[in-house]
Amino acid sequence: MKSPLLSLPGAVPGEGPDEGVAAHYGDLFREQRALADGTGFVDLSHRGVVTVTGADRLSWLHLLLTQHMSDLPPGQATEALILSAHGHIEHALYLVDDGETTWAHVEPDSQGDLIAYLESMKFFYRVDIADRTDEYAVVHLPAGSITEAPENSVVRETPHGRDLFLPRERLTAFAEESGPPIGVLAYEALRVEAHRPRVGLETDHRTIPHELGWIGSAVHLQKGCYRGQETVARVQNLGKPPRRLVFLHLDGSEVTLPSHGAPIRLASEGEEGRQLGFITSSARHHELGPIALALVKRNVPVDADLIADSTAAAQETVVEP
């Protein structure tokens, strides 16, 4: 879905999973600093919006999601995963309940597959599932922002800021009242800095929650059965995840950033060494310089110097081996 805010001065369209919104509005680092300082807003209107209504919505979601949902208070934000039968991550949902409806935003264009799965699990429960992407746009306000949420919007407040489910017809007016607009590249740079994983970038077909540090924030270990729980419990109680998420400080002398999927090797073995992992996300940060997240094998030494494609990289531990 193409955002009307792409017509704003200086807007440069995003690419890949963020196609449809602005990557930046002409000054990436200024936009990052504004976001870090609690000003401006980020257009995330390309993300999917799904709602669940009905008397059984929370108890039903509790059975399907990795998060404890049955007692979720109105207005409290949470996040949850849907796993495959083998415990691999399929969807991440960023949720809030307003007392009558549970709202979730998800990765762009993933809402169709998500809704198909949810519909297949309705059975006799009193729930109604809807794709609200055409009606509502997601807008992010950074932590510390004094911008007020417009009427008829739903607010999901987290330590990282507020996500607004905003009536889509109000998006242009909101932009005029709430500037400056900030591109998704700035939002992504701060996400990478905060070590927050994203489905489709930090995940592949075999990623499990332990590898990304999603235990606790998106996976509740003291709740009942859900699809994939056996893998979560087995790794938690008996084993260790095969891979781990790391944060990388990249060599700032390189002109280009390593792309998603770029191989990770030991610096001591050079570019011909065996592959130990891959880059998941990379960004240019206004203070830290070029940074990245990567998935590497669990047994990679935590103090090892790495090389991402041809770029030297020093690692910080995100998930303990």
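General remarks:
- Restricting attention to the range 60-85, the residues that are without any contact (Cβ under 8 Å) to a residue 40 or more places away in the chain and in contact with a Ser or Thr (Cβ under 7 Å, 6 or more places away or on another chain) add up to 2.
- Of the residues Ser84, Ser70, the single one that is hydroxyl-bearing (Ser, Thr, Tyr) and over 21 Å from the mean Cα position of the chain (by Cα) is Ser70.
- Some residue of the range 158-167 being more than 21 Å from Gly20 (Cβ to Cβ), touching a strand residue (DSSP E or B) at 6+ places or on another chain (Cβ under 8 Å), of a type in the set (A, V, I, L, M, F, W, C) and without any contact (Cβ under 8 Å) to a residue 60 or more places away in the chain: no
- Some residue of the range 206-213 being outside the structural domain of Tyr117 (by TED's automatic domain parsing), more than 15 Å from Val319 (Cβ to Cβ) and in contact (Cβ under 8 Å) with a residue 12 or more places away in the chain: yes
- Only listed residue being of a type in the set (Phe, Trp, Tyr), touching a Leu at 6+ places or on another chain (Cβ under 8 Å) and either over 19 Å from Val192 (Cβ atoms) or free of Cβ contacts under 8 Å to residues at least 40 places away in the same chain (or both), chosen from Phe247, Phe278: Phe278
- Looking across the range 200-245, the residues that are among the hydrophobic types (A, V, I, L, M, F, W, C) and over 16 Å from the mean Cα position of the chain (by Cα) come down to Leu221, Cys225, Val232, Ala233, Val235, Leu238.
- Checked against (1) in a loop (DSSP other than H, G, I, E, B); (2) more than 30 Å from Arg30 (Cα to Cα), Leu257 passes all but a single condition, namely (2).
- Criterion (in contact (Cβ under 8 Å) with a residue 60 or more places away in the chain and on the phi > 0 side of the Ramachandran plot) met by exactly one of Gly179, Gly99, Gly200: Gly200
- Selection of the range 39-61 for residues being outside any loop (DSSP other than H, G, I, E, B) and over 21 Å from the mean Cα position of the chain (by Cα) yields Thr53, Arg57, Leu58, Ser59, Trp60.
- Among the residues of the range 164-195, the one identified as in a loop (DSSP other than H, G, I, E, B) and buried (at least 19 other Cβ atoms within 10 Å of the Cβ) is Gly183.
- Residue, surrounded by the most Cβ atoms within 10 Å (Cβ to Cβ), within the range 281-305, restricted to residues that are free of Cβ contacts under 8 Å to residues at least 60 places away in the same chain and part of a strand (DSSP E or B): Ala294
- Val12 being among the hydrophobic types (A, V, I, L, M, F, W, C) and exposed (fewer than 15 other Cβ atoms within 10 Å of the Cβ): yes
- Test result for His249, part of a loop (DSSP other than H, G, I, E, B) and touching a Gly at 6+ places or on another chain (Cβ under 9 Å): no
The values are calculated or read from the model by the stated rules, or taken from the named source; none is laboratory data. Every value quoted in this text rests on a predicted model; they were computed, and no experiment measured them. We place every Cβ from the backbone using ideal geometry, glycine too, and count neighbours over all the protein chains shown.
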